[in-house]
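Presented below is the structure to which this report refers.
The values are calculated or read from the model by the stated rules, or taken from the named source; none is laboratory data. Bear in mind the structure is a predicted one, so any value in this text is a computation, not a measurement. Don't worry about glycine lacking a Cβ; one is built from the backbone with ideal geometry, like all the others, and counts go over all protein chains shown.
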């Protein structure tokens, strides 16, 4: 009877405490969501890009236009001006983002279509913030989760990305969705969940093809983390799910262009990143676009083989300079604040109007995030290393540790990829949520360590 009375006395307190925590969590999420939605929608509706379909954005739009009106995946502009001419199919860019754009276009690009797309991206970016909250909360306490989600919610780079017809917003959503799903998968570790994780890697790769090699890295991680028997089964299911989802695109390419992929982007990726300090012969005006100043560019970028031969030649002639650029310079540029090929700060194409020019909240958040950017990057790289320590000894459970390690793998993977090729900071924008989460992770671990030592 005594134990029963004690149980009855304690149970209501636990229930009440759980309810209080749930209410606090919901209120916190609500406030963060309101801030995120307000800033994203205000930016999307209050930003004006004079030429919104220039360069990469123009190619994405043409793919979507030809796909919807000609049922051909092509960036060929012939069909736009002469409807009777069928576009020539190609596979230079992956189809994920053009498929997204095709949901909103009804003809050539006009102001209404552009605003509809940017508004939809603002809403999608807000949903990404919600997913970030639950992702961060799977390996960080509520206070640290709130801080990381707040940084994600006010990040100028993630907010301004919604105003462009570029793939950053959609890719960030799928990356965070993948990481959030992996956080659930790491709790139960079911084979079907591993297959879905592989499918999500493939779907994200169809937006940005650079992610496709992560499927193998993630499979090897599962083998390392969960042992030969369980890990091998999970790894196999990841590869199976990845292959099944990516296969239709590869088959289409093989039947249409005679190859599973177009090497153009890979050649440009390697070529544009081979110039130390992003300049041609240290010419200041060539910064960010050195290949435009190099008279040998056409020769270098002729084939994948010619690019690799040029990189080898440069390393043989100036090994120290190129080692410094590849190992130190490229990561520094990749994680820098300013867009290298852009209009400065978080802007890819310079807007004529933006809330960041005159709105007090936006200017304050911009200066705040710019001030914190350097410390955040340094803390995040500390977090990448801390995640691989045996932290279960100081109170970090296995599941949160697995999630932190997956985020660490993603950040390391992309840093290494861009150490090989062109380290344009624009390609780091979708990774910023993980950067914020991993920046706070070592602070959380340090708190646990001090508490353990003091106790």
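Below is a table of values for the structure above.
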{"read-out": "Failed condition for residue 288, given (1) surrounded by 13 or more Cβ atoms within 10 Å (Cβ to Cβ); (2) closer than 30 Å to residue 87 by Cα", "value": "(2)"}
{"read-out": "Residues that are touching a residue at least 60 places away in the same chain (Cβ under 8 Å), part of a helix (DSSP H, G or I) and under 22 Å from residue 188 (Cβ atoms), drawn from region 131-144", "value": "132, 133, 135, 136"}
{"read-out": "Region 351-382, residues that are in contact with a strand residue (DSSP E or B) (Cβ under 8 Å, 6 or more places away or on another chain) and loosely packed, with under 14 Cβ neighbours inside 10 Å", "value": "352, 353"}
{"read-out": "In region 236-259, the residues that are more than 24 Å from the chain's Cα centre (by Cα) and either under 18 Å from residue 73 (Cα atoms) or not in a helix (DSSP H, G or I) (or both)", "value": "251, 252, 253, 254, 255, 256, 257, 258, 259"}
{"read-out": "Region 113-129, subset under 16 Å from the mean Cα position of the chain (by Cα) and surrounded by fewer than 18 Cβ atoms within 10 Å (Cβ to Cβ), residue nearest to residue 441 (Cα to Cα)", "value": "127"}
{"read-out": "Matching residues, region 146-200, being surrounded by 24 or more Cβ atoms within 10 Å (Cβ to Cβ) and not in a helix (DSSP H, G or I)", "value": "155, 164, 165, 167"}
{"read-out": "Filter pass, residue 250 being without any contact (Cβ under 8 Å) to a residue 24 or more places away in the chain and closer than 16 Å to residue 410 by Cβ", "value": "no"}
{"read-out": "Residues within region 380-399 that are in a helix (DSSP H, G or I) and over 21 Å from the mean Cα position of the chain (by Cα), tallied", "value": "7"}
{"read-out": "Matching residues in region 204-235 - criterion: being farther than 22 Å from residue 412 by Cβ and either modelled with pLDDT of 95 or more or not in a helix (DSSP H, G or I) (or both)", "value": "206, 227"}
{"read-out": "Out of 385, 409, sole residue that is under 19 Å from residue 447 (Cα atoms), surrounded by fewer than 21 Cβ atoms within 10 Å (Cβ to Cβ) and either free of Cβ contacts under 8 Å to residues at least 40 places away in the same chain or in contact with a helix residue (DSSP H, G or I) (Cβ under 8 Å, 6 or more places away or on another chain) (or both)", "value": "385"}
{"read-out": "Those residues of region 79-112 which are in a helix (DSSP H, G or I) and either crowded, with 19+ Cβ neighbours inside 10 Å or in contact with a helix residue (DSSP H, G or I) (Cβ under 6 Å, 6 or more places away or on another chain) (or both), in sequence order", "value": "79, 96, 97, 98, 100, 101, 102"}
{"read-out": "Scan of region 39-62 for residues that are over 22 Å from the mean Cα position of the chain (by Cα) and assigned to a helix (DSSP H, G or I), ordered by number", "value": "42, 45, 46, 62"}
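Here is a yes/no grid of residues against (1) farther than 25 Å from residue 178 by Cβ; (2) crowded, with 17+ Cβ neighbours inside 10 Å:
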{"site": "234", "(1), (2)": "no, yes"}
{"site": "241", "(1), (2)": "no, yes"}
{"site": "257", "(1), (2)": "yes, no"}
{"site": "266", "(1), (2)": "no, no"}
{"site": "269", "(1), (2)": "no, yes"}
{"site": "281", "(1), (2)": "yes, no"}
